[in-house]
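Written below as structure tokens is the structure these notes are about.
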Amino acid sequence: MGNIILHDKEFRPFIEATKIDQVITRMAEQMNRELADTQPLFLSILNGSFMFTSDLIKQIVIPGTQISFVKVASYSGTCSTGAIQELIGLKEDIQNRTVVILEDIIDSGRSMKHLLEYLHAKNPKQVIVATLFHKPKAAVCQVPIAYKGIELENDFVVGRGLDYDGLGRNYPDLYILNA
């Protein structure tokens, strides 16, 4: 793991893939126990959550599990814009369903707050939030998170689905922006 350059920024190694994989396994085991009788609909938030979703869902053994995808964006460059765009909508009927939102990272909480409001209007049985990475110090909106992977400081990171203007998602490790 050496430094990487994306556009005009340099990032250094931060968290190795093996540690991230262990965290995802722990999260999957907990979900398998706690959601065993719910026939959950896992809702993956694109684009960033695709790697987390793929790694997690392969370990979910709950009968009746389904998966769907939505795209909600509020990022430009290295900062949240605060403007939420719902780009791809939910097609499944979630009334009286247990919905588990799979998010790559929650920092400001704006996108998640918007998504929670959108989903609650569709009368699900419950909506549960799971995030691989969480930046509590960056929170502007507080959202309930049932499954947290790794807590981060308020630094900009790439890899494991997270990007800098479209680059860096493909790295299995997490990289942090050099100061």
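The values are calculated or read from the model by the stated rules, or taken from the named source; none is laboratory data. Note that the coordinates shown come from a computational prediction; the quantities given were computed from them, not determined experimentally. Virtual Cβ from ideal backbone geometry, glycine too; neighbours counted across all protein chains shown. These area figures cover heavy atoms from the full protein model, side chains too; ligands, DNA and RNA do not enter into them. Shrake-Rupley method; radii C 1.70, N 1.55, O 1.52, S 1.80 Å.
Quick rundown of the values:
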quantity: Checking Leu152 against (1) closer than 18 Å to Glu16 by Cα; (2) touching an Asp or Glu at 6+ places or on another chain (Cβ under 7 Å); (3) of a type in the set (A, V, I, L, M, F, W, C), the condition it does not meet; calculated: (2)
quantity: Residue satisfying condition, being open to solvent by 20 Å² or more (accessible area, probe 1.4 Å) and of a type in the set (A, V, I, L, M, F, W, C), within set Leu152, Leu177, Leu162; calculated: Leu177
quantity: Complete set of residues in the range 126-171 that are in a loop (DSSP other than H, G, I, E, B) and in contact with a Pro (Cβ under 7 Å, 6 or more places away or on another chain); calculated: Arg160
quantity: Subset of the range 38-49 that is at pLDDT below 95 and open to solvent by 10 Å² or more (accessible area, probe 1.4 Å) - its residue that is farthest from Gly166 (Cα to Cα); calculated: Leu46
quantity: The range 7-18, subset outside any strand (DSSP E or B) and in contact (Cβ under 8 Å) with a residue 12 or more places away in the chain, residue surrounded by the fewest Cβ atoms within 10 Å (Cβ to Cβ); calculated: His7
quantity: Residue within the range 116-125 that is hydrophobic (A, V, I, L, M, F, W, C), surrounded by fewer than 16 Cβ atoms within 10 Å (Cβ to Cβ) and part of a strand (DSSP E or B) present; calculated: no
quantity: Among (1) surrounded by 21 or more Cβ atoms within 10 Å (Cβ to Cβ); (2) assigned to a loop (DSSP other than H, G, I, E, B); (3) of a type in the set (Gly, Ala, Ser) - the single one Ser108 does not satisfy; calculated: (1)
quantity: Some residue of the range 132-142 being under 28 Å from Val99 (Cα atoms), aliphatic (A, V, I, L, M), touching a Phe, Trp or Tyr at 6+ places or on another chain (Cβ under 7 Å) and crowded, with 17+ Cβ neighbours inside 10 Å; calculated: yes
